[in-house]
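This report concerns only the one structure given below.
The values are calculated or read from the model by the stated rules, or taken from the named source; none is laboratory data. What you see is a predicted model; the values in this text were computed from it and never measured. Every residue, glycine among them, receives a Cβ derived from its backbone with ideal geometry; neighbour counts consider all protein chains shown.
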Amino acid sequence: MDETCTSDRVVDAAEQNAAVIEAELSWFMALLDARLQAYFHQGEELLHFRFDAFPPPALAQSNTRYAQLVLEQGLVAEERLLLVLALIPSICPQLLDVLFSKNPNTDRGYSEFGGLQGQVHSGFIPTVETALFIIAGDNISQRFKTMRFIETGSALLASGIVQCINHNPHEPWTTNGLFIAKDVVDSLTSGQEYKPGYSQEFPARRITTNLDWHHLVLPTTVMEQLEEIKHWVKHGEALMQDWGMAGKLSPGFTTLFYGPPGTGKTLSSCLLGNYCQRDVYKIDLSLMVSKYIGETEKNLARIFDTAQSRNWILFFDEADALFGKRTKVDDSHDRYANQEVSYLLQRIEDFDGVVILATNFKSNIDDAFIRRFQSVIQFPLPSVAERIKIWQKAFSSKVELAEDVNLIAIAEKYDVSGGTIMNVVRFSSLRALSRDSKTIIKDDIEEGVRREFIKEGKRI
C-alpha cells in the first residue's frame, strides 16, 4: 500500500512538472518565432521585437520542482530563457532544428545563431551566442547588457545549474555551450529535489547516516564543541542581522576536525547535517588538487558556486592537501599552490554556510590557517570507558554474544578507534551469518581485530 502511494506521488509530480515545462516550452517557441520573424522580415516596415513583450508563464501558484527552482533562485526572464534553452536538447531537441537553417549568402549556418554540433547528438546544442540572438538580436547595446548579465549576474550560472562550458579557450566566449547536468535534468523532469551527484564537473558527493546522536561516543568536551556549531546554525542569522554583526563577522562558520581515522569526524558531520536539516557534501582535497595549473580553482569554484545559498554543510577531507605547512616558494608550481590556498580561504570566508575541514594530524596544518577558523576540535582515540560503550552499542539487536565474549575485556585489551570496532563488528557478524547463526563468537572478534591491526601495520 505504502509503495503504491509513493509511486503514485512520483507519477503525479512528474505529470505536474511536465505540464509546467510544456508551458515554458510554448513561451520559448513564441519568443523564438517572433525573433526569427522580426529578424528575417522583408517588408518595407520593420518588425520590432521586444524581449519584455513576452513575459514567461506565472509560477507563483505551482508547487512543482521546476517552479520551486525558478522561485528559489529568483530567476528573471532572461535566466528562464537560459534554463529552458539548455534543457531543450535533453527533452525536446527538435525544437531547435530551425536554427540549422542555411544562410543563402554563405551556404552555411547563420553565425548569429551560434550552436554546437555533438559527436553523437545530432541536434542543435545551444551556446551563449544562441541566447544572445534570441534576447538581443542585432541590437548591440542590448547584446552588451545581456553578455554582462550572463557572465557576472546570473544566479543560474553561479549555482552551476546551467553550465557554460568552454570547449576552446582560443575561440570567442560566446561560443561556450550551455549545458545542464543529467542529475539536474532528472530533477526537473521527475519533479524530485535536485541533489547533485559526484562527477568530473562536480567533484563532491553527498554523505548521510542512519545513525543518531546516541550512537556517537565522544568525550564531553568534544560534544560541547559540536554544540557550538549547532548554536551557529540556529542563531547565526539573528546574530548577523538582528544584532547587526554582518559587517564585523564572516558570513559562515569554519571549523577544523582533527584526529586519527575512525574517531567520528565524518559521522559527526553527518549528524550535524541531520540536526540542522542540511545536506552534507564531502570533498576529498587530496583527490581534487590537480597537477594542472588553474584546475584546482575551477574544481573548487564549481562546488562553492553550486553550494551557495543552498544551506549545505561542506566537509573537506584531507585538508592538509592544501592547508599543509608552507615551504619556500621555489618555482611557478609553488606560487600556484599558494594561489590555490588563498582562493580556497577566500571562498570559505565568503561562504554563508558551515565548512568543516578534516585532517588526521593538526600538526600538518599551518598555524596561519588555523587562526582563520572559528573552532578547532580534536577527535581523540576513545578511552577504555568509551570503547566499552561503542562495543556494547555496535552489534545488531538480533544477535547474541557467545558466553566467552567479554566486551569489557576486549575494550580494555585493544586500543582502537570506533571505526575499527565497526569493521570488526561487520567481519564477525558476516562470519556468523555464513554459519547460519545469530551468535557472535570470540574467535571471530579476535580474528577481526587481528585483520584490522595488520591493515594498520600494528602488532597485536
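Only strands (runs of 3 or more DSSP E) whose full extent lies in the range 132-215 are considered here, and the ones with at least 2 residues that are surrounded by 13 or more Cβ atoms within 10 Å (Cβ to Cβ) and either of a type in the set (A, V, I, L, M) or modelled with pLDDT under 90 (or both) are 162-165, 177-180.
Considering the range 301-382, the qualifying helices (runs of 4 or more DSSP H), each wholly inside and each with 3 or more residues that are modelled with pLDDT under 85, run over 320-323, 332-350.
Looking only at the range 190-240, which residues are of a type in the set (Lys, Arg) and touching a Lys or Arg at 6+ places or on another chain (Cβ under 9 Å)? Show your work before the answer.
We begin by selecting, within the range 190-240, every residue of a type in the set (Lys, Arg); these are 195, 205-206, 230, 234.
LYS195, ARG205, ARG206, listed by residue number.
Here SER429 does not fit the description of being loosely packed, with under 15 Cβ neighbours inside 10 Å and at pLDDT 95 or above.
Here PRO261 passes the criteria (1) assigned to a loop (DSSP other than H, G, I, E, B); (2) more than 21 Å from the chain's Cα centre (by Cα); (3) farther than 17 Å from ALA358 by Cα except the one numbered (3). In this structure, SER62 does not satisfy being in the same structural domain as HIS167 (by TED's automatic domain parsing), hydroxyl-bearing (Ser, Thr, Tyr) and in contact with an Asp or Glu (Cβ under 6 Å, 6 or more places away or on another chain).
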